[in-house]
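The values are calculated or read from the model by the stated rules, or taken from the named source; none is laboratory data. Note that the structure is predicted; figures quoted are calculated from it, not measured. Positions of Cβ are generated from backbone atoms using ideal geometry, with glycine treated the same way; all protein chains shown enter the neighbour counts. Ligands, DNA and RNA are excluded from the accessible area calculation, which covers all protein heavy atoms including side chains. Shrake-Rupley method; radii C 1.70, N 1.55, O 1.52, S 1.80 Å.
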Amino acid sequence: MIGIEKIIAHIQAESMAECEQIERAALAECGHIREKHTQAAQDEYQQLIDAGTKAAAQRLERLSSLAALEAKKQVLVTCLEMMDAAFALAAKKLRTLPESAYEKFLASLAEAAVITGKETMVFSAADLKKVGKAVQSAANAGLADKGKIAQLTLSEKTADISGGFILQGDGFEVNCSITALIERYRNELTPEVSAMLFD
């Protein structure tokens, strides 16, 4: 019996050793699998973080570009409004010149605009009463001094303008209103006015 007990004890010892070896191998495999999946999870997590960071950066860049464009648009709108205000102020200053200066300004405008020297000057109702005859006389005198035909006449009709006049000839018309004058020179003067306003 002692021999059988020894054999059984030996078999049990071998079985225990084999079980321990299997257990160690299983634990090692489990550790390897755990490590592999942990690394895969970390890699996936890092990929998600990277993708999210990239998407956030792209969105930030788009929003920054849109904000910059909107800011430029607002600056441009403000600049245009200021330019409009500057030209409106210029028109107002021309209309509110002292009477003698206003007469000289309109007379020189007429002298420069005449084609035949026989045109009719059409003023606004207010300007016709206030400066019409004086401007007509001064313009005719200036034309005569230059040796040109000086037969400008005044129209009894009035024009719906806020200052200046309209020069009517035979089949043509020259708009010398202050509004038209400002618009005519606006493109030419815009860079200069812009430099004065914004530099």
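Relative contact order of the chain: what whole-number percent is it, with Cα pairs under 8 angstrom and at least 6 residues apart?
Rounded, it is 17 percent for the chain.
Under a 5 Å amide H to amide H cut-off, with H placed in plane at 1.01 Å, what residues pair with LEU154 once short-range neighbours are removed?
Distant-sequence amide H within range of LEU154: MET121.
Relative to the present Cα-Cα distance, how much length would full extension add between HIS37 and ILE149 at 0.36 nm per residue of separation?
Details: separation 112, 0.36 × 112 = 40.32 nm, distance 10.35 nm.
Taking HIS37 through ILE149 to full extension adds about 30.0 nm, to one decimal.
Which of the three applies to the chain, rounded, prolate or oblate, going by the alpha-carbon gyration tensor with a ≥ b ≥ c and a/c under 1.5 meaning rounded?
Because a/c hits 1.5 or more and a/b exceeds b/c, the chain counts as prolate.
HIS10 accessible area, nearest 10 Å², 1.4 Å probe?
110 Å²
Nearest 500 deg cm²/dmol is fine: what mean residue ellipticity at 222 nm does the chain get from its DSSP H runs of n ≥ 4 alone, each adding -39,500 (n - 2.57), divided by its residue count?
-26500 deg cm²/dmol
Using 0.36 nm times the number of residues separating ALA125 and TYR185, minus their current alpha carbon distance, what extension gain do you get?
Extending this stretch completely gives an extra 19.1 nm.
Return the single residue from GLY164, GLY147, GLY117 with maximal mean-square fluctuation; model: Gaussian network over the chain, springs between Cα atoms under 10 Å.
Ranking GLY164, GLY147, GLY117 by mean-square fluctuation puts GLY147 first.
Can you give me the Cα centroid spacing of the range 110-182 and the range 5-48 in angstrom?
Taking the Cα centre of the range 5-48 as reference, the centre of the range 110-182 is 110 Å away.
What percentage of the solvent-accessible surface of the range 1-69, computed with a 1.4 Å probe over protein heavy atoms, is contributed by carbon and sulfur atoms?
63 percent
Whole-Hz Karplus ³J(HN,Hα) for the range 42-47, in order, using 6.51 cos²θ - 1.76 cosθ + 1.60 and θ = phi - 60°, x for Gly and Pro?
Rounded to whole hertz, the list is 5, 4, 5, 4, 5, 4.
Just the number please: accessible area per residue for the range 59-199, 1.4 Å probe, all protein chains included, in Å². Walk me through the numbers on the way to the answer.
Numbers: 8920 Å² over 141 residues.
Per-residue value: 63 Å².
Return the sequence-ordered ³J(HN,Hα) values of the range 155-163 in whole Hz as given by the Karplus equation 6.51 cos²θ - 1.76 cosθ + 1.60 applied to θ = phi - 60°, using x for Gly and Pro.
Rounded to whole hertz, the list is 8, 6, 6, 10, 10, 7, 10, 9, x.
With springs only between Cα atoms under 10 Å, which of TYR185, TYR102, TYR45 fluctuates most in a Gaussian network model of the chain?
Maximum fluctuation in the GNM of the chain, among the listed residues, is at TYR45.
Taking 8 Å as the Cα distance limit and 6 or more residues as the minimum spacing, I'd like the relative contact order of the range 122-174 as a percentage.
Numbers: 55 pairs, mean separation 26.1, N = 53.
Over the range 122-174, the number comes to 49 percent.
Would you mind telling me the share, in percent, of accessible area of the range 86-199 contributed by carbon and sulfur at probe 1.4 angstrom?
Looking at the range 86-199 in its full context, I get 53 percent from C and S.
Using label points projected 7 Å from each Cα along Cα→Cβ, tell me how many nm separate LEU66 and ILE22, to one decimal.
6.5 nm
For ASP50, what accessible surface area do you get with a 1.4 Å probe? Give it in Å², rounded to 10.
80 Å²
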